[in-house]
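Visitor: My questions all concern the structure below.
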Amino acid sequence: IFNDAIEGHSSTLSGLFSSLKCLSDQLLCSNIEILNISGRNLYALLFMEFSECEKRQEIVGEILFHIGSGSIDEIEGAIKVLSSLSKRFDRESKEGYSLLRPFVTMLKGLIQYLTQFADHQIRAVFDILMMAGSRMMGTSELLAGNESIVERVTSSQIIGFEECNGEKNDCLDDLHIFIRKNLN
């Protein structure tokens, strides 16, 4: 129902963005599985439909807020949303960056919560940070079709995490620091 109502209508729904974001928030907070799933899907849909950086930043901030909430259902749901979004690459970006790349600095805040997460959540956060902070190889070939987003990416397609177009990416350094600190 959300897809039919929202997809392709972002310009007419821009006045309702805050209300839709609030609905996503309430649904993701639910401990009823179908409502939680609906909240995850709505967050992802809003992120994809509202392409303005400010709106996407608000969405990422809200999702990160859920991770810091301490509620198991909210944490799981929020990590799943970020995981899904981190694997989506923009067709317009010839460099093959994840749609979450502009928000890597915000996402690095997840590192402070890693000690409170279960093993599978830590792996998911590392995946999110690696995908958001890296570049996909062969983007032009993969995006040659009519699809605007490549959703399934293999690790062999990821390149240039440490440096993309001459820019040093300190996300990897932060992950190394966390690993070294917790191995001692």
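Visitor: If I stretch the segment between F2 and I32 completely, what's the gain in nm (0.36 nm per residue apart, minus their alpha carbon distance), one decimal?
Guide: 9.0 nm
Visitor: A further question on this structure: Assuming a ≥ b ≥ c are the square roots of the Cα gyration tensor eigenvalues, decide whether the range 8-97 counts as rounded (a/c under 1.5), prolate (otherwise, with a/b larger than b/c) or oblate.
Guide: It comes out oblate by the Cα gyration axes.
Visitor: Quickly work out the I179-to-H120 label distance, labels modelled 7 Å from Cα along the C-beta direction, and quote it in nm with one decimal.
Guide: Modelled inter-label distance: 2.3 nm.
Visitor: I've got another one for you. Could you give me the ³J(HN,Hα) list for the range 112-124, computed from phi with Karplus coefficients 6.51, -1.76, 1.60 and θ = phi - 60°, whole Hz, x at Gly and Pro?
Guide: Working through the residues one at a time gives 5, 9, 4, 5, 8, 8, 6, 4, 5, 6, 4, 4, 5 Hz.
Read-outs throughout are calculated quantities, based only on the coordinates presented, and are distinct from any laboratory measurement. These numbers come from a predicted model, not from an experiment. Note that each Cβ is placed from the backbone with ideal geometry, even for glycine, and that neighbours are counted across all protein chains shown.
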